[in-house]
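**Q** Sharing a structure with you now.
The values are calculated or read from the model by the stated rules, or taken from the named source; none is laboratory data. What you are looking at is a predicted structure, and each value in this text was computed from that prediction instead of being measured. Every residue, glycine as well, gets a Cβ built from its backbone with ideal geometry; the counts of neighbours run over all protein chains shown.
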Amino acid sequence: MSRSAREDILARISRAVDGAPEVEIPRRYRATARVDDLVGLFTERVGDYRAIVHVVPEAEVPARIAGIVAGRRMVVPDGLPAEWTPPDASDAGPADPYTADGVITGCAVAIAETGTIVLDTGPGQGSRAQTLVPDYHLCVVRADQIVAGVPEAVSRLDPIRPLTWISGPSATSDIELNRVEGVHGPRTLEVLVAVS
Amino acid sequence: MSATFIGMPGNFPKNSAQAVQNSQLRYNLRKATHTIRGKRASVVGELPDWQELRAAGKAIKDETLRHLDRYLLQLEEAVTAAGGHVHWARDAAEANRIVAGLVKATGEREVVKVKSMATQEIGLNEALAAEGITAYETDLAELIVQLGDDFPSHILVPAIHRNRAEIREIFLDRMEDAPPGLTDEPAALAEAARVHLRERFLRSRVAVSGANFMIAETGTLVVLESEGNGRMCLTLPETLISVVGIEKVLPTWRDLEVFLQLLPRSSTGERMNPYTSTWTGSAEGQDFHLVLLDNGRTDVLADEVGRQALRCIRCSACLNVCPVYERAGGHAYGSVYPGPIGAILTPQLRGMGSELDASLPYASSLCGACYEVCPVAIDIPEVLVDLRAKAPHGAAERAGMRVAGWVLNDQARLAAAQRAATRLRGLVPRRLPGPLSAWTDTRDLPDIPEESFRDWWEREG
Ligand code: SF4
């Protein structure tokens with residue numbers, strides 16, 4: 001009987017590496033970055049991607065959200081904190097992402113050094129389709145969710161959940177290397193950083 | 001349907017001589033490579049621990065390769081436990097058969113694709129077409145390449161050899177729903193692609209992807225992208241089929257903390273690419289299939305010198321600093337893997353039986369710039385020299401002697417080539433370093449000056 005591809009490949013690998021030396025992994029890079037002003041660095045870096053970013057005292061977040069989304073039909077994912085839920089969203093039920101104007105979410109973690117927001121489909125973050133299909137994404141980041149660098153973010157995240165790391169609006173540089181924002185993902189990313 | 005590189009005729013010197021005559025191509029390439037290289041340098045410079053990340057990245061990959069069988073089994077177990085299905089493919093034909101079978105089982109005749117080098121390597125689109133299945137590329141550059149019946153020319157920006165006017169022509173010609181008043185503004189062209197693909201994303205029930213990384217410990221796959229077409233393909237269709245080279249596995253979730261720093265900064269020169277998606281098995285109820293592809297990789301793994309090429313994370317930094325690539329263009333390499341990495345990977349994956357593949361180890365001046373920027377420290381010059389020694393005489397000489405003759409006839413160039421070669425940390429064999437700098441065999445290039453190639457490049461670059 002002929003061997004399966006799996007057995008063949010595994011056998012070829014073990015022959016190929018037979019006698020190769022063992023390898024030590026030096027992890028001398030920064031496990032944690034020292035950043036004094038996490039909110040300041042995060043907002044600067046998000047802004048570099050041409051996203052819109054505001055720093056807002058926690059108590060003022062509901063009013064800011066209401067102002068920003070007024071007139072827009074927003075997807076409001078399950079588990080979004082009540083105080084972040086736009087005033088007129090509740091009666092209509094959750095908007096269909098395929099016809100809505102935008103989506104509002106929280107996030108799982110945010111990274112200052114890279115200006116990145118990570119969604120893990122947890123409460124208030126929506127399904128992957130809900131945060132992808134609408135053309136506008138409003139994301140509320142609590143200041144205590146911001147970590148300095150990539151290693152801290154990786155260690156906080158659960159790989160079993162589907163993750164979407166977002167660094168600015170979708171973009172392409174495929175035409176003569178000119179950056180164009182907004183191809184298939186939301187063309188506008190707006191970030192509210194809630195500080196206490 | 002875009003063409004496939006498999007069996008492409010010619011050889012590197014001949015192909016590159018054609019490319020250097022094309023001034024549009026050279027202008028585009030020069031602009032692109034210099035721009036990205038500047039961005040890369042500035043974001044790499046921001047990280048005080050870049051060399052430590054690079055050392056860790058290299059070692060993690062080496063450790064993975066050392067125990068690749070074990071990690072693949074661990075990966076298989078984790079993906080299966082999370083509701084996914086794992087398939088193994090010895091070669092391109094087997095992988096294509098598996099994918100075609102999976103698509104047919106869904107009853108669909110169309111798939112959307114997110115840019116993947118592995119599926120280009122195996123000629124998947126053509127194989128699916130032969131089975132009556134249409135594969136739609138969704139990355140803007142891949143769409144341009146596919147609509148134009150063309151070949152990709154750069155790992156990161158595959159349509160960089162096309163200018164905006166050509167792209168407009170291609171769209172008007174080949175895209176049935178292109179707006180008649182389409183201008184050649186990049187924003188207008190991107191908008192036309194957005195509208196064109198939107199329906200397709202919402203309609204498609206099967207997607208095919210590759211992956212940048214697979215995590216053995218958790219069974220997680222990772223895709224980095226910019227446009228959001230990746231998210232569309234990975235998220236919306238009911239069935240997702242990912243075709244991934246076996247060398248893409250990483251042992252632990254934690255290892256991503258290294259590679260999510262190394263890859264975006266080396267590739268697009270950004271602190272982070274716009275979107276990174278990770279998923280484990282059947283995410284949000286999707287039917288998920290992982291096809292693990294060998295296709296020559298275990299041969300590469302068996303070579304003590306050459307196996308380091310399997311560390312490659314396809315960032316394309318080595319293309320952007322390569323003086324040969326900049327002038328020869330991506331097509332001259334006759335493979336989906338152009339530039340310095342292509343020069344060492346293609347001959348190892350395909351063997352050096354053809355004139356083209358045997359000429360690839362000579363597609364370099366051995367200046368070493370590729371090694372310095374490589375985020376996983378692949379010593380490309382070392383592998384090139386080793387491959388030159390191994391190239392079968394007949395094929396290499398048929399490809400090389402023409403250029404070698406030219407090099408030998410020109411004492412100044414020969415001297416320059418030898419000086420460049422002698423700087424190479426004692427890697428160069430005592431015999432002549434082969435037909436170096438074949439790409440300069442054309443009128444519209446300056447002579448190589450009386451200095452080392454490297455010095456010249458740094459001065460001119
Ligand atoms: S060889 Fe190194 S620099 Fe070149 S694409 Fe691969 S990882 Fe990047």
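**Q** Within region B:290-323, work out how many residues are within 12 Å of chain A (Cβ to nearest Cβ) and either more than 15 Å from the ligand (Cβ to nearest atom) or touching a Phe, Trp or Tyr at 6+ places or on another chain (Cβ under 6 Å) (or both).
**A** Qualifying residue count, region B:290-323: 12.
**Q** From B:Val195, B:Val258, B:Val208, grab the single residue that is under 26 Å from the mean Cα position of the chain (by Cα) and more than 10 Å from chain A (Cβ to nearest Cβ). Give the steps one after another, and end with the answer.
**A** Details: B:Val195 fails: under 26 Å from the mean Cα position of the chain (by Cα); B:Val258 fails: more than 10 Å from chain A (Cβ to nearest Cβ).
Criteria check complete, one pass: B:Val208.
**Q** Is it true that B:Gln120 is closer than 18 Å to B:Val291 by Cβ and crowded, with 20+ Cβ neighbours inside 10 Å? It would help to see each step written out before you state the result.
**A** On the way: closer than 18 Å to B:Val291 by Cβ: yes; crowded, with 20+ Cβ neighbours inside 10 Å: yes.
Taking the combined requirement at face value, the residue satisfies it.
**Q** What residue, of B:Ser359, B:Ser364, is within 16 Å of the ligand (Cβ to nearest atom), among the hydroxyl-bearing types (Ser, Thr, Tyr), buried (at least 24 other Cβ atoms within 10 Å of the Cβ) and more than 14 Å from chain A (Cβ to nearest Cβ)?
**A** Criteria check complete, one pass: B:Ser364.
**Q** Also, I was wondering about something else. Could you list, in sequence order, the residues of region B:324-356 that are within 14 Å of the ligand (Cβ to nearest atom), hydrophobic (A, V, I, L, M, F, W, C) and more than 16 Å from B:Lys14 (Cα to Cα)?
**A** Within region B:324-356, B:Val336, B:Ile341, B:Ile344, B:Leu345, B:Leu349 meet the criteria.
**Q** For B:Ser277, indicate whether it is over 23 Å from B:Lys58 (Cβ atoms) and within 16 Å of the ligand (Cβ to nearest atom).
**A** On the way: over 23 Å from B:Lys58 (Cβ atoms): yes; within 16 Å of the ligand (Cβ to nearest atom): no.
No, not satisfied.
**Q** Let me ask something additional. Check B:Ser354 against each of (1) free of Cβ contacts under 8 Å to residues at least 12 places away in the same chain; (2) farther than 26 Å from B:Asp139 by Cα and name the one condition it does not meet.
**A** The one condition B:Ser354 does not meet is (1).
**Q** Could you say whether any residue in region A:37-60 is at pLDDT below 95 and more than 19 Å from the chain's Cα centre (by Cα)?
**A** There is no residue in region A:37-60 that is at pLDDT below 95 and more than 19 Å from the chain's Cα centre (by Cα).
**Q** Mind listing whichever residues of region A:162-186 are more than 7 Å from chain B (Cβ to nearest Cβ) and more than 24 Å from B:Ala32 (Cα to Cα)?
**A** Of everything in region A:162-186, just one residue is more than 7 Å from chain B (Cβ to nearest Cβ) and more than 24 Å from B:Ala32 (Cα to Cα), namely A:Pro186.
**Q** Pull up region B:205-247, narrow it to residues that are assigned to a loop (DSSP other than H, G, I, E, B) and aliphatic (A, V, I, L, M), then point me to the one that is nearest to A:Thr172 (Cα to Cα).
**A** Looking only at region B:205-247, we keep the residues that are assigned to a loop (DSSP other than H, G, I, E, B), and these are B:205, B:210-212, B:216-219, B:226-228, B:236-238.
Right, trim to aliphatic (A, V, I, L, M) and you get B:211, B:216, B:236.
Working: B:Ala211: 19, B:Ala216: 31, B:Leu236: 21 Å.
My answer is B:Ala211.
**Q** Then there is this: Go through (1) under 14 Å from the mean Cα position of the chain (by Cα); (2) away from the ligand (no atom under 16 Å from the Cβ) for B:Ala283 and report which single condition fails.
**A** (1)
**Q** Here are the criteria: (1) at pLDDT below 95; (2) more than 14 Å from chain A (Cβ to nearest Cβ). Tell me which single one B:Val114 does not satisfy.
**A** For B:Val114, the exception is condition (2).
**Q** What are the residues in region A:127-154 that are facing chain B (nearest Cβ under 7 Å) and either charged (D, E, K, R) or outside any loop (DSSP other than H, G, I, E, B) (or both), if any?
**A** Looking only at region A:127-154, we keep the residues that are facing chain B (nearest Cβ under 7 Å), and these are A:127-129, A:132, A:150-151, A:154.
Hits for region A:127-154 are A:Arg128, A:Val150, A:Pro151, A:Val154.
**Q** Report, ordered by the first and then the second residue, all pairs with beta carbons closer than 8 Å, sequence separation of six or more or different chains, a first member in region B:170-191 that is away from chain A (no Cβ under 13 Å), and a second member that is surrounded by 14 or more Cβ atoms within 10 Å (Cβ to Cβ) and in a loop (DSSP other than H, G, I, E, B).
**A** Close Cβ pairs (under 8 Å, with a partner that is surrounded by 14 or more Cβ atoms within 10 Å (Cβ to Cβ) and in a loop (DSSP other than H, G, I, E, B)) amount to B:Leu172/B:Ala178; B:Leu172/B:Leu182; B:Arg174/B:Gly148.
**Q** So which of A:Leu177, A:Leu163, A:Leu119, A:Leu157 ends up being surrounded by fewer than 22 Cβ atoms within 10 Å (Cβ to Cβ) and either under 28 Å from B:Ser282 (Cβ atoms) or at pLDDT 90 or above (or both)?
**A** Working: A:Leu177 fails: either under 28 Å from B:Ser282 (Cβ atoms) or at pLDDT 90 or above (or both); A:Leu163 fails: surrounded by fewer than 22 Cβ atoms within 10 Å (Cβ to Cβ); A:Leu119 fails: surrounded by fewer than 22 Cβ atoms within 10 Å (Cβ to Cβ).
Just one listed residue meets the conditions, A:Leu157.
**Q** Which number in (1) more than 9 Å from every other protein chain (Cβ to nearest Cβ); (2) closer than 30 Å to A:Leu177 by Cα; (3) within 16 Å of the ligand (Cβ to nearest atom) marks the one condition that B:Leu221 misses?
**A** Unmet for B:Leu221, out of (1) more than 9 Å from every other protein chain (Cβ to nearest Cβ); (2) closer than 30 Å to A:Leu177 by Cα; (3) within 16 Å of the ligand (Cβ to nearest atom): (3).
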